[in-house]
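Take a look at the structure below.
The values are calculated or read from the model by the stated rules, or taken from the named source; none is laboratory data. These figures come from a predicted structure and were not determined experimentally. Positions of Cβ are backbone-derived with ideal geometry, glycine not excepted, and every protein chain shown enters the neighbour counts. Ligands, DNA and RNA are stripped out before the accessible areas are found, and what is left, the full protein with its side chains, is counted by its heavy atoms. Shrake-Rupley method; radii C 1.70, N 1.55, O 1.52, S 1.80 Å.
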Amino acid sequence: MGCEECFNDGFIGAVILMAGLHGVLLAAILTFGNNLKSKSNTYLAMSILGIAIILSFESSYYLGGYGSIPEFILNLPIYLRTLIPAGLFYFIIFLIDPNHELTVLEKIGFYAILSEVVIESMYYPASFLSFDEEVVNAYISSVGELLGLVTTIVLLPWCWHKINYYQKYLYDNYSNTYRKSLGWLRYFLVVFCGIALLWLFAFFLSEFGYENYSEGIFLVIMLSLVATLFFTGYYMVLRHDWFQIVPIINLTHEIKSSANKLSSKTDVYHKNLMELMTVEKLFEDMDLTLDRLSERLKISAGYLSQIINEKEQKNFFDFVNFYRVEAVKEKLLDENFSNYTIMGIALESGFKSKSTFNSVFKKNTGYTPSAYRRNQV
């Protein structure tokens, strides 16, 4: 049984170490790779490197070589838990807006990292004190871990807020969100939130003397981080286009639109807007944007956004796609389109992706496209 446990620990340690080395490679690719090199990805690399360092250290525990690591390396301030949430936070900020200037409050991630560096640097002076070194080191470790937890708890919801803000920006300015949306990043954050909750639970178990239970949870956390790194590597290599979204390049019209009052010409502009959609069928343009439509009407994008919001009670995305859905419904009953596939009809009507078409169609009709066609036959 002892040999079996050794084999299991050795296998787990090897997997964790492999993931740690994999993380170092990913961080290097994000920092220096030509296709992925950017300000936002540099911060993602920082987050990944934080995970990689933790995994590399933890692998030695299972491989039985923890005691062979030189003490001066163990005491270096490189085991920084705050790197992970802070790097992810700044990755999202600069992915959304590369030219964003951080506010004093948004620099909280840097303050947390600096604080943890100071805390982790206390191992050296602690070794020269007359106190029980093991107790002091345990206290320093607990304080550092608590700081990492607090930073994670503060920044992850903030990351979620930033993503929601960007999604709103997309729906206010674009009629198609294909390869622009950050919905995939929401799933990524959900995973991190789950890991953070496990971490918080394990921390309190450990602090209250239930180390036997906390060790099992920490192993789950380590393996979750391993899976996260491998999936991140997969998406970087095969789906690197997900890291090339349309950034927010102009926020001024969003701010000004709320201050604009609808003028006496609003009804005229609204009528002209309806003609562009129903007569000229501008919705058939897959890449129709708020700016492009406002140019046709010769008004500002902010003013047009306000007209759509107040007159149609919709954002730009829902407004344009309503007409696309209506066009699809007509074509599904038109004999001239009887040889078209449903997706072919959707493309003819201005939709760009199958997933967006299916979700928007069901939202507007309550049916899937195929179910709607069957019910109309």
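Would you confirm whether or not the stretch 341-350 contains a residue that is surrounded by 19 or more Cβ atoms within 10 Å (Cβ to Cβ) and in contact (Cβ under 8 Å) with a residue 60 or more places away in the chain?
Within the stretch 341-350, one or more residues are surrounded by 19 or more Cβ atoms within 10 Å (Cβ to Cβ) and in contact (Cβ under 8 Å) with a residue 60 or more places away in the chain.
Scan the stretch 57-78 and tell me whether some residue there is within 19 Å of residue 230 (Cβ to Cβ), open to solvent by less than 20 Å² (accessible area, probe 1.4 Å), modelled with pLDDT of 90 or more and not β-branched (Val, Ile, Thr). Within the stretch 57-78, none of the residues are within 19 Å of residue 230 (Cβ to Cβ), open to solvent by less than 20 Å² (accessible area, probe 1.4 Å), modelled with pLDDT of 90 or more and not β-branched (Val, Ile, Thr).
Within the stretch 195-213, if we keep just the residues that are small (Gly, Ala, Ser) and within 15 Å of residue 149 (Cα to Cα), the residue that is least open to solvent (accessible area, probe 1.4 Å) turns out to be 202. Set side by side, the residues 334, 285 differ, and just one is open to solvent by 20 Å² or more (accessible area, probe 1.4 Å) and closer than 23 Å to residue 178 by Cα, which is 285.
Return yes or no: is residue 191 open to solvent by 60 Å² or more (accessible area, probe 1.4 Å), hydrophobic (A, V, I, L, M, F, W, C) and more than 23 Å from residue 11 (Cα to Cα)? For residue 191, the condition - open to solvent by 60 Å² or more (accessible area, probe 1.4 Å), hydrophobic (A, V, I, L, M, F, W, C) and more than 23 Å from residue 11 (Cα to Cα) - is met.
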